[in-house]
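The values are calculated or read from the model by the stated rules, or taken from the named source; none is laboratory data. Remember, it's a predicted structure, so these values are computed and weren't measured experimentally. So basically every Cβ, Gly included, is an ideal-geometry build from the backbone, and we count neighbours across all protein chains shown.
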Amino acid sequence: MFLCAGLLLNAQALEKSLLWKISGNGLSKPSYLYGTIHVTCDATLHSGVEKAMSETSQLYLEIDMDDPNMQSLMMGSMMMAGGKKMSTLAKPEEVRLVDNYLKKNLGMPLAMMDQVKPIFISMMFLTKLLDCPVQSVEQNLIKISAAQKEEVFGLETVSEQMAVLDAVPYEEQMTELVKSVQSDLSNDKKEINMLLDLYKNQDIEGMLKAARESENVTTSKYENELLIRRNQNWISKIARAAAEKPTFFGVGAAHLAGENGVIKLLRKAGFRVEAVKG
């Protein structure tokens, strides 16, 4: 009976909160976990974030975004292996459609980017999905960290994060790019606006559900590779950093929720993880 009650408790949906306090399990001082969103119109931080950052001594993001070599490292991961080309991954009429769309929206023909992984081309359209100048939650966290003269670290390297994207076969990446172009990004815009609404409401469980139900298979089909495995890999790193000194962790909000999300995995590891209401 008690076992069943414990299982039910663990399966309960998490509270609506982006900011979580990590304590217990031998920590002398608490650390904090914050759910971010990578592109937004309003990167205003949750009301308790600045206080939490003032109580911590280092910042961990998914990757070290403060690394001056980050852009060059990402550029080195953009090309498809084995000489693959986008122009061979779709029907001729679809290739022409993508070519025209790239010329119109990016000012470059497909031939100039033919060996780039299609998923990176899709990312180039992110700024077109929002009717506003794009802002970054992570950059705001970095600014506070810099003002506090604190170091920024990554839970994974740029190379590790880029390798995660290779879990999605090139053919499926190209299929999603073609779908986006055919609809003039209409579904992409609908989905990102839904995510922004969920984020504004601090609904981390809703964000995970939306990712699972996305029409974009890059998101919905590869939860194990894009979320779960990475969450599992982060737990020992979070535990080690928090034991070393009070730490502020900022990761994509969808990583927080679910049975295999960072919050419940930290609880299983013996930490107390509580929502910070503001």
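Some values worked out for this structure:
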read-out	value
Top-ranked residue in the stretch 149-164 [being touching a Ser or Thr at 6+ places or on another chain (Cβ under 8 Å) and more than 16 Å from Ala241 (Cβ to Cβ); ranked as surrounded by the most Cβ atoms within 10 Å (Cβ to Cβ)]	Val158
Output for the stretch 134-165, where each listed residue is assigned to a loop (DSSP other than H, G, I, E, B) and either aromatic (Phe, Trp, Tyr) or free of Cβ contacts under 8 Å to residues at least 60 places away in the same chain (or both)	Lys149
Restricting the stretch 241-256 to residues that are surrounded by fewer than 24 Cβ atoms within 10 Å (Cβ to Cβ) and small (Gly, Ala, Ser), the residue that is nearest to Ser17 (Cα to Cα)	Gly252
Single condition Glu176 does not satisfy, out of (1) at pLDDT 95 or above; (2) surrounded by fewer than 18 Cβ atoms within 10 Å (Cβ to Cβ)	(2)
Out of Met80, Met112, Met108, sole residue that is within 18 Å of Glu176 (Cβ to Cβ), out of contact with any Ser or Thr (no Cβ under 9 Å at 6 or more places or on another chain) and not acidic (Asp, Glu)	Met80
In the stretch 208-240, residue nearest to the chain's Cα centre (by Cα) [restricted to those that are closer than 24 Å to Lys268 by Cα, touching a residue at least 60 places away in the same chain (Cβ under 8 Å) and crowded, with 19+ Cβ neighbours inside 10 Å]	Leu226
Residue ID - nearest to Phe249 (Cα to Cα), chosen from residues in the stretch 15-29 that are within 19 Å of the chain's Cα centre (by Cα) and part of a loop (DSSP other than H, G, I, E, B)	Leu18
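Every residue, every condition in (1) among the acidic types (Asp, Glu); (2) touching a residue at least 24 places away in the same chain (Cβ under 8 Å); (3) in contact with a strand residue (DSSP E or B) (Cβ under 8 Å, 6 or more places away or on another chain), yes or no:
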{"position": "Ser28", "(1), (2), (3)": "no, no, no"}
{"position": "Gly35", "(1), (2), (3)": "no, yes, yes"}
{"position": "Thr40", "(1), (2), (3)": "no, yes, yes"}
{"position": "Lys51", "(1), (2), (3)": "no, no, no"}
{"position": "Thr56", "(1), (2), (3)": "no, yes, yes"}
{"position": "Leu61", "(1), (2), (3)": "no, yes, yes"}
{"position": "Met86", "(1), (2), (3)": "no, yes, yes"}
{"position": "Leu89", "(1), (2), (3)": "no, yes, no"}
